[in-house]
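This report refers to the structure that appears directly beneath it.
Read-outs: derived from the displayed coordinates by stated rules, not from any lab. Here the structure is a predicted model, which means the values were calculated and not measured. Cβ: placed from backbone, ideal geometry, glycine included. Neighbour counts: every protein chain shown.
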Amino acid sequence: MTGSRSQDVGYAVGASKPRRATCERSRSLPSNLRYLRLDVHAETIAVAVAEPSGEVRSLGVIPNRPETVAQLIRKLGSREHLRACYEAGPCGYVLYWQLTKLGVACDVVAPTLVPTKPGDRVKTDRRDAENLARCHRAGDLTPVWVPDVAHEALRDLVRAREAAKQDQLRARHRLGKFDRLEQALDTAITAAPGALRSIIAALRCLRGIRQLTAATLVSEVGPLSRFTHPRQLMGYSGTVPATRICAGSWSKPPGPTAARPNAPRRCARASAGNRTRSRPSPGRRSTASVRGIAVSSGAGNQRPM
């Protein structure tokens, strides 16, 4: 009968063994310890404590400041009977070093190894603090290795160098693709229809506009003849800066606000390059240059270049 009963309820018998071990372990632990759980963020810390009587209560949220943490430790009483813990995260080990300096035993636990209930989908700082305090008292948390200040500084430098090396590798790949794109763009312009090539050639006659700027304008704006007024072209391409006047206040959004920002960006670069390359002296402009400015302004392209 004993054997058959063991076969029928073997799952229950097997499930009862860890509970007995947990009870024996909890009885072996000192009963006068208070387990302090800290949910650490950049600006705040959520605090919860598991009392020796079994009660788990939240102590609220405190600022993440050294003086505030020291005041909390003083309020909790004897430091010999206090055990603190918090999850490893982006805030580092500054709080650990501070607590150990104050004489409080502290553990930094692995967040991925914290026991969680499958159906518990509500996550708040207060509930996390209370749950971790219970797990800490039960001994279900896994502490991680905590380096000292010099070790962490060396590790940060090694990781920063590795990150910079990865950025360098990605930049090399992008530069290789950029060279191939330049060649592909030249090939595409050469193989473009005659109408597009003629527009690009005409735009290159304007001052400050080269092949890339002309190709950008043609591809983004399309045929210029469909605009009956230069204001329409300027508004469509986003070259005219947006202005907002409301209740007597005037504001200007930063940068181009059009859906096609490549055109005004290329025009702005062409204009800046044109100003730095040549600045004719006042009174020395030739008739041809003045006529060219008038023609370009009539087409709506002189201001944004």
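Could you line up 213, 124 from fewest to most neighbouring Cβ atoms inside 10 Å? Show your work: numbers first, answer last.
Values: 213 23, 124 10.
Exposure proxy ranking, most exposed first: 124, 213.
Fewest Cβ neighbours within 10 Å first, please rank 146, 122 accordingly.
On the way: 146 16, 122 5.
Ordered from fewest to most neighbouring Cβ atoms within 10 Å, 146, 122 come out as 122, 146.
Calculate the dipole size of region 15-146 relative to its Cα centre from +1 charges on Lys and Arg beta carbons and -1 charges on Asp and Glu beta carbons; express the result in debye to the nearest 20. Working shown, then result.
Working: 21 positive and 14 negative charges, 90 e Å.
Approximately 440 debye in magnitude.
Report ³J(HN,Hα) in whole Hz for each residue of region 112-119, in order, from the Karplus equation J = 6.51 cos²θ - 1.76 cosθ + 1.60 where θ = phi - 60°; Gly and Pro get x.
6, 9, 6, x, 9, 7, x, x
Filter the GluC sites (Glu not before Pro) in region 32-82 down to the DSSP loop ones having no more than 12 other Cβ atoms within 10 Å, then list what survives. List each step's numbers first, then the result.
Numbers: sites: 43, 55, 67, 80; in loops: 43, 55, 80.
Sites meeting the loop and neighbour criteria: 43, 55, 80.
Which of 198, 58 has the fewest other C-beta atoms within 10 Å, and how do the rest follow up to the most?
Working: 198 11, 58 16.
Listing 198, 58 from fewest to most nearby Cβ atoms yields 198, 58.
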